[in-house]
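A.B. asks: First the structure, which I've put down as structure tokens, then a few questions once you've had a look.
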Amino acid sequence: MATPRRLQHKNALYLVSNFCFQGRALLRPDHTINEMILGSLAHSAFVHKVTIFGFIFLPSSFFMIVQAEHMNLGAFMRDFQSPLTVNINQYRG
């Protein structure tokens, strides 16, 4: 779960990163994983009105540059990562 930031600014850009547990390559690309990532990212960005300037997903980590004008970065990350984690775990087994 995303830890709420103590200090957020309305027009700030944030570099967000996360890593898979024990460096496992759970995000290694294939067609299904790519669709899961993009679908979850687009849905969460739309719901929380977060602007995504760029992102990169590596086999065991990801990085994004985002702007959360409504200062809801924690809620965006929670709603992006939680369903994505469940879906990937079900897919990878």
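A.B. asks: According to a simple spin-label model (label point 7 Å from Cα along Cα-to-Cβ), what is the distance in nm between HIS70 and HIS43?
C.D. replies: It works out to 1.7 nm between the two label points.
A.B. asks: Where nothing but the Cβ of Lys and Arg (+1) and of Asp and Glu (-1) is charged, how large is the charge dipole of the stretch 1-90 around its Cα centre, in debye to the nearest 20? Please list the in-between numbers first.
C.D. replies: Details: 7 positive and 4 negative charges, 63 e Å.
For this selection, approximately 300 debye.
A.B. asks: Also, quick follow-up: Based solely on its DSSP helices, what 222 nm [θ] is calculated for the chain when runs of n ≥ 4 H residues each add -39,500 (n - 2.57) and the sum is averaged over all residues, nearest 500 deg cm²/dmol? Please report the intermediate quantities before stating the final value.
C.D. replies: Numbers: 2 runs with 38 residues, N = 93.
Computed mean residue ellipticity for the chain: -14000 deg cm²/dmol.
A.B. asks: On full extension of the chain, what length is gained from HIS9 through GLN90, given 0.36 nm per residue of separation minus the C-alpha to C-alpha distance? Could the numbers behind the result be given before it?
C.D. replies: Numbers: separation 81, 0.36 × 81 = 29.16 nm, distance 3.62 nm.
Result: 25.5 nm gained on full extension.
A.B. asks: Measure nothing but the geometry: give the 0 to 90° angle between the long axis through the Cα atoms of 31-48 and the longest principal axis through the Cα atoms of the chain, rounded to 10°.
C.D. replies: Computed tilt is about 20 degrees.
A.B. asks: Report relative contact order for the stretch 8-93 in percent, whole number only (criteria: Cα-Cα under 8 Å, sequence separation at least 6). Walk me through the numbers before you get to the answer.
C.D. replies: Details: 116 pairs, mean separation 34.9, N = 86.
Over the stretch 8-93, the number comes to 41 percent.
A.B. asks: Of [x] 32, 17, 12; [y] 23, 13, 12; [z] 22, 15, 11, which is the value of semi-axes √(5λ) of the Cα gyration tensor in Å derived from the coordinates here?
C.D. replies: Given [x] 32, 17, 12; [y] 23, 13, 12; [z] 22, 15, 11, the calculated one carries the label [y].
A.B. asks: Could you order peptides 10-19, 66-75 by the average number of other Cβ atoms within 10 Å of their residues, highest first? Could you put the intermediate results ahead of the total?
C.D. replies: Working: 10-19: 12.2, 66-75: 17.2.
Peptide ranking by packing, descending: 66-75, 10-19.
A.B. asks: Test of understanding: what is the full-extension gain from SER61 to ASN34, defined as 0.36 nm times their sequence separation minus their Cα-Cα distance? Let's see the in-between values first.
C.D. replies: On the way: separation 27, 0.36 × 27 = 9.72 nm, distance 1.37 nm.
Stretched fully, the SER61-ASN34 segment lengthens by 8.4 nm.
Quick note: the coordinates plus some simple rules give every number you see, no bench work behind them. For clarity, every value in this text was computed on a predicted model and none was experimentally measured. Note that we place each Cβ from the backbone using ideal geometry, even for glycine, and neighbour counts take in every protein chain shown.
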